[in-house]
Amino acid sequence: RCEEEDVEMTEDAYAVLTRIGLETSLRYAIQLITAASLVARKRKGAEVGVEDIKRVYSLFLDESRSTQYMREYQEAFLFNELREHLGTL
C-alpha cells in the first residue's frame, strides 16, 4: 500500500504498523498509512516514522478502542438521555 501511495516509511514504522494490523485489522492499519504520511509531510519529514504512526494511532480509534470508549462514556451521550426519557413514558 505504501508503494501505491508513494509513501516512504522507516523499518521501525513498518514494524509498528504491522503489529497494529495484527492486533486490530489490516483495514485499520492501511488507513493509518495515509494519515501518517500527512503527519510526516506536515513536519517536513522525508519518511513516515514511528512517532507519525503513534500520532495517528492516538487520533483515530480502531473498532475495539471505539467500542471501549463508548462503553466508558455512554452516560455522557445523548442517546442515554433518550433511553431514560422513553423509560419514563
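What follows draws every value from the coordinates through simple rules; no lab data is involved. Please read these numbers as outputs of a predicted model, since none were measured by experiment. Heads up, the Cβs are rebuilt from the backbone with ideal geometry, glycines too, and the neighbour counts pull from every protein chain shown.
Points to keep in mind about this one:
- Label point 7 Å beyond Cα of GLU47 along Cβ direction - residues of the stretch 1-25 with amide nitrogen under 16 Å: 1-18
- Prolate/oblate/rounded call for the chain, Cα gyration tensor, a/c under 1.5 rounded: prolate
- Cut-off 11 Å (backbone N to label point 7 Å along Cα→Cβ of GLU4), residues of the stretch 28-54: 30-31
- Interchain or long-range residues, amide H under 5 Å from VAL48's placed H: GLU8, MET9, THR10
- J(HN,Hα) series, the stretch 16-30, from Karplus relation 6.51 cos²θ - 1.76 cosθ + 1.60, nearest Hz, glycine and proline x: 5, 5, 5, 5, 4, x, 5, 8, 10, 7, 5, 4, 4, 4, 5
- Positive end of the dipole of the chain (Cβ unit charges, origin at the Cα centre): among LEU26, VAL16, PHE60, the Cα lying farthest that way belongs to PHE60.
- Taking Cβ atoms as reference points and 12 Å as the exclusive limit, the residues near LEU17 contribute a net charge of -1, counting Lys and Arg as +1 and Asp and Glu as -1.
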